[in-house]
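Report on the following structure.
The values are calculated or read from the model by the stated rules, or taken from the named source; none is laboratory data. This one's a predicted model, so the numbers in the text were calculated from it and none came from an experiment. Cβ sites come from the backbone with ideal geometry, for glycine too, and all protein chains shown count toward neighbours. Surface areas here come from the heavy atoms of the whole protein model, side chains and all, with no ligands, DNA or RNA. Shrake-Rupley method; radii C 1.70, N 1.55, O 1.52, S 1.80 Å.
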Amino acid sequence: MMKNNDLFKIDNTIYRVLAVDNSGIQIIDCIKRTMPRWVGIDFFVNAEQVSEEDLKEAAGINLVGYDNITQPQKQIIHGKYGSISLIIPFLHNDYERNKAIALCADKFSISKATIKSRLCDYLAFQNICIFLPDSIKTERQLTADEKNFRWALNKYYYNSLKLPLKECYRRMLNDRYCDEHGKLLSKVPTFRQFNYYFYKTVKQENLIISREGKGEFLRNYRVMLGNGIRDFCPSIGYGMFDSTVCDIFLVNDKGELLGRPTLTACVDGYSSLCLGYSLGFNKGIQSLVGLVENIVTEKQEHCKKFGIDIDLTTWNCNCLPHKFITDKGREYTSETFSQLAELGIEIINLPPYRPELKGAVEKFFDIIQSSYKKELANKGVIFEDYQERGGVDYRKKAALTLNEFEKIILLCIIKYNSKRIINLPFDMVGNVQPFANELWNYCLQVSKNNTIKVDEELLRLTLLPRGTGYFKRDGLNVNKLRYKNLDYTERYLKGGECVVAYNPENVSKVWLYENGIYTPFEIIETYFADMDFEEVQALKERKRQGERDVEEIALQGSIDLSREIERIASAVLPQKVDVKNVRKHRKTEIKKGGNDNG
């Protein structure tokens, strides 16, 4: 049975049923979108019922969903529908409908033709999204010239060659608008058309990435719409790790040049408090180990070593943050550093080219270095003209030792933590003074679980490199050295592999690591006690070299011995041996030889 909104296809045209009553059927031509009219039941004799999708395909319109359009677009379509909404109740009466159209045209200051066009569009598709602009409803097919423009831009402009737009246009004409003799065709697009198409279709992000590279885009062009670093670090306990080479040359106690030290630091992302540091000439994982050990150190005791007295509240940190934020540097992705996760720490490796996500530690380095550079201007500090032609050789001005410079760094960190005004969160205004240590101490009371208290010995063992050990009858074999623990006799007999932690700087001990427990094993060859791994390897190599040096002598000795035995054996003639009366023959031989052999 025919009902409202049914669609029927008749002679390549689709009609929508708007009303059905005793006098006839009201329909609208959905393709031509003319005003509704009444027809009889005979009109549908050869009709084929179709779907809404068939209608969209026949009309060449792809309506977007209401939920997928923006608020300004919703405002547009509701405004257009409002201009015809008064007409909808009078559709079935031509006189009342025309009267309502005139009223709406006058009320909204729109022509009757526009009102009728909107009404027919809505009645044909029964979807308010029909009022979106044509560019949103359906995608216009590109012309032949526009396809050539797109091809030329993709080939010549959106790449690392960085060709000017005019050169891309010239190359396009050469490739697409010349005959076989290289002559321009009679009708070619102008540069103005090419330029217009480019600016109409270009997307800045694609443009920058294609010509400058993704790394350059992420570093210098990427849109940053966040609310600052506290979006990423909503509370204390987000430790940001990084290192930098200090802008100063140092010397040893004899005045000999040592070079530039590396400062590695951990800064809390929320409060910006420096949680710990390490300073020295070690790089990579060794500097990180020193940093992590410094974080859990009592800072008052540490400062006393340099003759500096501080209050507990000035630098109240002897726990690890519960999240470590690092970049993808080799030392941060190493297996040794990842072992810290065993302590309950989450290690977050940032994506490439996102320095702003650990901006707190980057800013820390800038502030610390600027704190001492002016005062140490003639003590080996490096300035902008370093290594420029005619610039000062700052190496010759080096005067400070590592210990002296570390004391200066400590004073700068103390000032950074406790006497530097920070950007205080608005919810903390009035509760604490705008200093990093004040914010840290306040949040530590309510977010103590954001830090992890770790035993220093356990931390040291966790940071040791690990390898494979082998239980054998002669002990636990690690790095070609043997170790013992009398409680593991059964394991020596059974054999098998295990995980061990070892200290490359002292081979006296290794630790069997099983079920989160470290069990010490003592070295069996005590001659190697307190040596580092390199010394042991060097000593073993010297031993092997000594053996190689006399190998020829030993080989010649074996040959000489073999020849002498053969000579003696060849002089002995075979004879018949009496195998009986052995005891009698032995006594006779003993008497013959006397008592010389006891």
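Brief remarks follow.
- Residue in the range 104-113 that is under 28 Å from V20 (Cβ atoms), among the acidic types (D, E) and either in a helix (DSSP H, G or I) or in contact with a strand residue (DSSP E or B) (Cβ under 7 Å, 6 or more places away or on another chain) (or both) present: no
- Considering the conditions (1) in contact (Cβ under 8 Å) with a residue 40 or more places away in the chain; (2) open to solvent by 40 Å² or more (accessible area, probe 1.4 Å); (3) not in a helix (DSSP H, G or I), P189 is excluded by exactly one of them, (2).
- Those residues of the range 410-433 which are of a type in the set (G, A, S) and either under 23 Å from T264 (Cα atoms) or part of a helix (DSSP H, G or I) (or both), in sequence order: S418
- Unique match (being of a type in the set (A, V, I, L, M) and either under 14 Å from L410 (Cβ atoms) or free of Cβ contacts under 8 Å to residues at least 24 places away in the same chain (or both)) among I295, I310, I325: I310
- Of residues in the range 374-402 being under 18 Å from T244 (Cα atoms) and either surrounded by 16 or more Cβ atoms within 10 Å (Cβ to Cβ) or at pLDDT 90 or above (or both), the one farthest from the chain's Cα centre (by Cα): G380
- Selection within the range 261-270 - open to solvent by less than 10 Å² (accessible area, probe 1.4 Å) and under 23 Å from the mean Cα position of the chain (by Cα): L263, T264, A265, C266, V267, D268, G269
- Any hit, the range 503-514, residues being at pLDDT 90 or above, of a type in the set (D, E, K, R) and closer than 23 Å to R466 by Cβ: yes
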